[in-house]
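What follows is a short report on a single structure.
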């Protein structure tokens, strides 16, 4: 018998088991599911682990909305990095998967913007764990 496969490539039974584990974890901790969602923090820390990706984030912090060509040029002139466009594009894809970079298209150009929301979730998780949720 051929198993039903989800678009992500995991069998349906594995997805159900994973969903059940998430529900148990959520009920045991009582914390926000976003803080413990499998992969969110992992992707974020993986993205921040590479010094080249941190430099890309530094460039986007200084000037948001850059194209791939602009980012490559700034990395080469400021840091002397000889990264190819393909390498920078792959780094941007990792940053986008972690939610740190958003991409907007205008015609044939893609502009990259910094999104700090995932970092704010990490800060609230560890640096302000007992902060009031209602804003008082």
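Readers should treat all values here as calculations from the given coordinates under stated rules, not as data from a laboratory. Worth saying up front: this structure is predicted, and the values here are computed from it rather than measured. Neighbour counts are summed over all protein chains in view; Cβ atoms, including those assigned to glycine, are modelled from backbone coordinates with ideal geometry.
Annotations for the structure displayed:
- Stretch gain in nm, segment residue 124-residue 96, where the contour uses 0.36 nm per residue and the Cα spacing is subtracted: 8.0 nm
- One decimal place: the segment residue 63-residue 85 gains 6.0 nm when fully extended, by the rule 0.36 nm per residue minus the C-alpha distance.
- Stretchable slack from residue 52 to residue 104, in nm (0.36 nm times residue separation minus alpha-carbon distance): 16.5 nm
- The distance separating the Cα centre of the stretch 86-118 from that of the stretch 37-67 comes to 9 Å.
- Virtual spin-label span in nm between residue 117 and residue 70, 7 Å along Cα→Cβ: 2.2
- Only Cα pairs under 8 Å and 6+ residues apart enter the sum, and on that basis the relative contact order of the stretch 40-118 stands at 36 percent.
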